[in-house]
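Report on the following structure.
The values are calculated or read from the model by the stated rules, or taken from the named source; none is laboratory data. As the structure is a prediction and not an experimental result, all values here were calculated from the model. Cβ placement follows ideal geometry from the backbone for every residue including glycine, while neighbour counts extend to all protein chains displayed.
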Amino acid sequence: MNFNNKNIKSIKGDASFRKFYRKKNKHKTSIIVYANKQKEKNLLIYDAVNKLLLENKILAPKLYNHNYKNHYIEIEDLGKKTLFDLLKKKKINQLKYFKKIVKILINIQKINKKKIKNFKNNNYKIPTYKKNLLFKETSLFFNWYVPKVITKKKVFYINKILKKKVNLLLSKIKLSNNTFVHRDFHVSNLMINNRNNFGVIDSQDALYGNKAYDLASLIDDVRLKTSIDLKNSIYNYYLNLNRNKFDKKAFKNDFEILSVLRNLKIIGIFTRLAIRDKKKKYLKLIPHAWNLIEFRLENNFIFNDIKNFLDNNFSRRIRKKK
């Protein structure tokens with residue numbers, strides 16, 4: 001692939017090691033995904049999961065060509081506009097669009113196939129989202145964010161206590177890991193194609209996990225500030241569409257725990273991106289991630305212990321720092 005070709009233009013990337021290009025082909029365009037790091041996940045697994053989504057009538061990028069040796073795949077272009085681009089406009093009925101996305105999420109959660117062939121014709125088995133993986137993800141907060149904002153002599157103590165409190169929260173999760181989880185189901189990964197249909201991208205990290213995870217990712221999304229009323233409306237709409245299908249108390253419990261842990265992880269990821277990869281633009285989202293954590297901690301007594309610890313060790317000044 002000649003990336004200097006005038007018909008191939010570099011486009012905005014994401015927080016991963018991948019690079020993206022838009023290729024012009026006569027009357028249509030395609031996307032080149034280039035990854036010389038984490039190739040298996042970003043090329044082979046990405047295509048395998050997309051294939052699984054497409055099999056289940058979920059719009060995802062189709063594979064056009066692949067050249068694994070030279071680190072790239074060519075896939076369908078789902079357009080330039082994301083749900084985030086749409087929702088940040090003024091005077092738009094946000095709930096109307098979130099309802100469409102919730103319906104897509106419910107269809108995604110109906111997927112029950114765990115094995116799919118990749119373009120090398122090898123089986124890929126979708127892993128399970130076990131609690132040790134949730135803990136490992138939350139450890140990004142301990143490993144990257146805590147040393148950045150806390151004095152060196154206190155880091156070990158704070159992380160030691162915080163790890164115990166996170167493990168306690170994990171022990172309180174009630175639902176089984178039996179649902180297809182996209183794992184990054186948020187407004188910047190939902191594309192609007194030229195037929196005004198919503199497509200799903202960035203699905204390479206999919207797992208079988210907790211039914212509440214993707215809804216928490218969508219509702220408590222650090223990229224988009226939404227009102228409490230809107231959050232509650234989206235949540236209740238999801239519950240209404242799933243009436244009598246699961247224990248609502250257990251679901252709410254897990255939704256709130258996973259939201260808190262996910263946003264702690266995100267703070268860690270954004271800090272790592274700034275320090276390790278020199279991608280500092282994500283730091284501006286950290287104060288809102290803290291706001292989302294605070295909102296969930298306020299409304300459930302199971303968080304009393306961790307809330308008090310965070311309040312005593314991460315001041316308002318720290319939380320507002322970008």
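Residue pairs whose Cβ atoms lie under 9 Å apart, sitting 6 or more positions apart in sequence or on different chains, and linking a residue in the stretch 53-73 that is touching a residue at least 24 places away in the same chain (Cβ under 8 Å) and in a strand (DSSP E or B) to a partner that is buried (at least 17 other Cβ atoms within 10 Å of the Cβ) and of a type in the set (Phe, Trp, Tyr), are 66/72; 72/21; 72/34; 73/34; 73/46.
Checked against the criterion of being among the polar types (S, T, N, Q), more than 19 Å from the chain's Cα centre (by Cα), surrounded by fewer than 15 Cβ atoms within 10 Å (Cβ to Cβ) and at pLDDT below 95, the stretch 31-50 has at least one qualifying residue. The number of residues in the stretch 294-322 that are over 22 Å from residue 154 (Cα atoms), surrounded by 12 or more Cβ atoms within 10 Å (Cβ to Cβ) and of a type outside the set (D, E, K, R) comes to 5. Restricting 285, 261, 292 to those that are more than 25 Å from residue 168 (Cα to Cα), in a helix (DSSP H, G or I) and modelled with pLDDT of 95 or more reduces the list to 285.
The set of residues in the stretch 1-30 being within 17 Å of residue 78 (Cβ to Cβ) and modelled with pLDDT of 85 or more consists of 9, 11, 18, 20, 21, 22, 23, 24, 28, 29, 30.
Among the residues of the stretch 79-134, the ones that are farther than 26 Å from residue 240 by Cα, β-branched (Val, Ile, Thr) and assigned to a loop (DSSP other than H, G, I, E, B) come to 1 in all.
Within the stretch 105-158, the set of residues being buried (at least 18 other Cβ atoms within 10 Å of the Cβ), more than 17 Å from residue 265 (Cα to Cα) and over 19 Å from the mean Cα position of the chain (by Cα) comprises 116, 118, 124.
Among residues of the stretch 191-206 being touching a residue at least 40 places away in the same chain (Cβ under 8 Å) and over 11 Å from the mean Cα position of the chain (by Cα), the one that is surrounded by the most Cβ atoms within 10 Å (Cβ to Cβ) is 200.
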